[in-house]
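Remarks on the structure that follows.
The values are calculated or read from the model by the stated rules, or taken from the named source; none is laboratory data. Given the structure is predicted, the values throughout are model-derived calculations rather than measurements. Because the Cβ atoms are built from the backbone with ideal geometry, glycine has one as well, and the counts that use them run over all protein chains shown.
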Amino acid sequence: MIRIGYFSKITQISIRRLRHYDEIGLLTPSATDEATGYRLYALDQIQTAHRIVALQDMGFGLAAIAEIMRDFQDSDKFESLLAVRLKETQEKEQAIKNQLQLIESTMKRLRKEDDSMQYDVTLKTLPKRYVASLRAVIASYDDEGSLWEQMEKELGGQIPMADTLPYPLSIYHDEGWKDSDVDVEIQVTVEGQHEDTANVHFKTVEPIEVASAIYKGSYDQSYQANGAVAKWVAESGYDYAGPMISIMHVNPDTEPNPENWVTEVCCPIKKK
């Protein structure tokens with residue numbers, strides 16, 4: 001039998017942590033010295049302690065480690081838990097890579113004293129949504145309001161908007177800028193399942209990864225904001241993966257003062 005102090009040195013686990021493991025039933029000493037009260041460990045518990053450390057190094061929490069230790073001989077269950085942990089770690093790795101790209105890109109723009117620095121570009125994923133959609137070719141971008149009027153007329157206020165993502169958005173499908181006859185789609189997230197109307201169609205939109213920037217004020221800033229996003233994409237190792245999107249968080253329907261409008265311009269992206 002080994003006293004807790006020596007066991008701590010062998011396993012490189014602090015005495016405080018060993019006591020905590022004992023309290024939660026993760027690694028309980030084999031015996032306690034009746035005279036001194038010292039916790040005593042068996043030699044075969046060294047391997048158990050090393051296993052716990054290895055699982056912690058993989059990022060498992062103590063509750064998950066306790067579950068693994070109870071069923072350690074069940075290799076299928078252990079492998080499934082490892083697969084879940086692997087996926088979680090890969091997602092964190094990608095998030096860190098995204099953060100690094102944002103930092104590096106921002107540093108480059110700072111060095112260049114870039115005017116686009118007034119727009120903070122971020123990476124995000126627009127979640128899966130069920131939407132009411134209306135797409136048409138309109139005379140110009142300034143006529144987009146006619147699409148919203150048409151949608152409102154056909155839905156008649158009977159379709160419940162989703163509480164989670166109530167914002168409306170516009171998608172500009174033309175390959176480049178056009179002075180006239182522009183292909184625009186508007187979407188709003190809704191609840192339930194609904195039948196199409198004459199021009200409004202209901203569909204599920206899959207998640208979209210985007211680079212985005214938010215600006216406050218009138219829509220005449222959209223050109224600069226879109227330019228800032230496009231420049232960031234070009235400098236950060238991504239390719240364009242779809243038409244530009246504009247999300248109207250605060251818009252003329254809810255706020256008459258253009259100075260208070262809040263718009264997010266989004267560029268769908270993919271890794272090169």
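From the list LYS216, LYS203, exactly one residue is of a type in the set (D, E, K, R) and modelled with pLDDT of 90 or more. Which is it?
Details: LYS216 fails: modelled with pLDDT of 90 or more.
Result: LYS203 is the single residue among LYS216, LYS203 that is of a type in the set (D, E, K, R) and modelled with pLDDT of 90 or more.
Restricting attention to segment 1-27, the residues that are in a helix (DSSP H, G or I) and aliphatic (A, V, I, L, M) add up to 4.
With respect to the stated conditions, ARG39 is charged (D, E, K, R) and in contact (Cβ under 8 Å) with a residue 24 or more places away in the chain. Take the conditions touching a Lys or Arg at 6+ places or on another chain (Cβ under 9 Å) and either more than 14 Å from SER133 (Cα to Cα) or of a type outside the set (Ser, Thr, Tyr) (or both) and apply them to ASN251. Does it pass? So ASN251 does not fit the description; no. Against the test of being without any contact (Cβ under 8 Å) to a residue 24 or more places away in the chain, not polar (S, T, N, Q) and not in a loop (DSSP other than H, G, I, E, B), the options ASP220, ASP183, ASP239 yield a single qualifying residue, ASP220. Go through segment 241-272 and give me each residue that's surrounded by fewer than 17 Cβ atoms within 10 Å (Cβ to Cβ) and closer than 16 Å to LYS124 by Cβ. Hits for segment 241-272 are ALA241, GLY242, HIS249, VAL262, LYS270, LYS271.
Here is a yes/no grid of residues against (1) surrounded by fewer than 12 Cβ atoms within 10 Å (Cβ to Cβ); (2) at pLDDT below 90; (3) within 33 Å of the chain's Cα centre (by Cα); (4) assigned to a loop (DSSP other than H, G, I, E, B):
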| position | (1), (2), (3), (4) |
| --- | --- |
| ALA35 | yes, yes, no, yes |
| ILE46 | no, no, no, no |
| ALA49 | no, no, no, no |
| VAL53 | no, no, yes, no |
| GLU67 | no, yes, yes, no |
| ASP76 | yes, yes, yes, no |
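Do we find that ILE208 is under 27 Å from ASN98 (Cα atoms) and in contact with a His (Cβ under 9 Å, 6 or more places away or on another chain) in this structure? Considered against the rule, which asks whether it is under 27 Å from ASN98 (Cα atoms) and in contact with a His (Cβ under 9 Å, 6 or more places away or on another chain), ILE208 comes out as no. So which residues in segment 69-86 are in contact with a Phe, Trp or Tyr (Cβ under 9 Å, 6 or more places away or on another chain) and within 16 Å of THR28 (Cβ to Cβ), if there are any at all? Across segment 69-86, the qualifying residue is only PHE72.
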